[in-house]
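Below is one structure; the comments refer to it alone.
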Amino acid sequence: MLPSALADLIEFHAPLSVVQREQGGAVTLLTPGVNVLALNATFLPGDVGDVDLRAVQDWHEGQGLPPLVAWAGADAPAGLAVQPVARVWVGDWVGEPDPPDASVVVEQVGRLHLSAWAGALCAAHGTPEWAAGLARQLAGPLEAAAGAFALLMAYRDGQAAGSLLWQARGAGGAAHLWGALDASAGAALLDAAAALGDGLRVTVPDGWAGLGRQEPVTYGLLTGEHENHN
């Protein structure tokens, strides 16, 4: 069984991905041409002993992609030889303790603004060259899931300062895909997303405040030296 934080990420990202694949309790999402980690990773169950890690690695490499995996926790599960590349936190957004930055304005935009939205997101993550591919990939899924997602953009002094994708979930929502040029713009985006429903599940970078019920999720590359129990 997948830990709750990973199931949360899959619920958000699977509708946006090209391929969803399950093997031995692990779930893989694949989205070529997009550099979002969660859209190109295999999510591992708490017990990796039932997962054929060699098959996972071979499958990723067969698609021409790095063998990226994600697990719940800071430390790699026993038997998993992996090189960590990123750690994030998944939890409930409760807000920053500091007052909001009045210079940041957040607006909900339509799908016609998807290119600008993707440009702001990728610029915030320092990867502007990926913006066109991200916009192309999300166009179809967002149209197919009309009403299930909302695009938010943050502006400071009339210039884009970040963007966020919100997913409706019952009375609340989730925002696991977002980026901002600075922490105050990020907090403004998350506050605006939280206002769209009753509660917000989010992913934030390592070291951020403002979360409750938080769990770490780590992404890493398989090294091929793991102990495979299959």
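The values are calculated or read from the model by the stated rules, or taken from the named source; none is laboratory data. These numbers were taken from a predicted model, which means no experiment stands behind them. Cβ atoms come from the backbone with ideal geometry, glycine included; neighbour counts cover every protein chain shown. Heavy atoms of the whole protein, side chains included, go into the accessibility calculation; ligands, DNA and RNA do not. Shrake-Rupley method; radii C 1.70, N 1.55, O 1.52, S 1.80 Å.
Here are the numbers for this structure:
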{"read-out": "Amide H contacts of Ala86 (H built 1.01 Å from N, under 5 Å, at least 5 apart or other chain)", "value": "Tyr219"}
{"read-out": "Compactness of region 24-120 as Cα Rg over 2.2 N^0.38 Å, two decimals", "value": "1.44"}
{"read-out": "Approximate spin-label separation Val105-Asn35, in nm, with each point projected 7 Å along Cα-to-Cβ", "value": "3.0 nm"}
{"read-out": "GNM top mover of Leu189, Leu80, Leu114 - the chain, alpha-carbon springs below 10 Å", "value": "Leu80"}
{"read-out": "5 Å-binned pair-distance histogram of region 108-160 (Cα, whole percent)", "value": "4, 20, 30, 25, 14, 6, 1"}
{"read-out": "Karplus-derived HN-Hα couplings along region 169-177 (A = 6.51, B = -1.76, C = 1.60, θ = phi - 60°), whole Hz, x at Gly and Pro", "value": "9, x, 7, x, x, 9, 9, 9, 10"}
{"read-out": "Computed lengthening from Ala74 to Glu22, 0.36 nm per intervening residue step minus Cα-Cα distance", "value": "16.4 nm"}
{"read-out": "Calculated P(r) tail over 33 Å for the chain, as whole % of Cα pairs", "value": "16 percent"}
{"read-out": "Under the span-like rule (Cα at least 30 Å along the axis, Kyte-Doolittle mean at least 1.0), DSSP H helices of the chain", "value": "none"}
{"read-out": "Region 95-138 - accessible surface per residue (Å², probe 1.4 Å)", "value": "60 Å²"}
{"read-out": "Label-point separation, Ala171 to Arg213 (7 Å along Cα→Cβ), nm", "value": "1.3 nm"}
{"read-out": "Rounded percent of accessible protein surface that carbon and sulfur make up, the chain, 1.4 Å probe", "value": "53 percent"}
{"read-out": "Rounded to whole Hz, the Karplus (6.51, -1.76, 1.60) HN-Hα couplings of region 77-87, x for glycine and proline", "value": "x, 4, x, 10, 8, 8, 9, x, 10, 6, 10"}
{"read-out": "Mean projection area, nm², convex hull over Cα of region 6-48", "value": "2.8 nm²"}
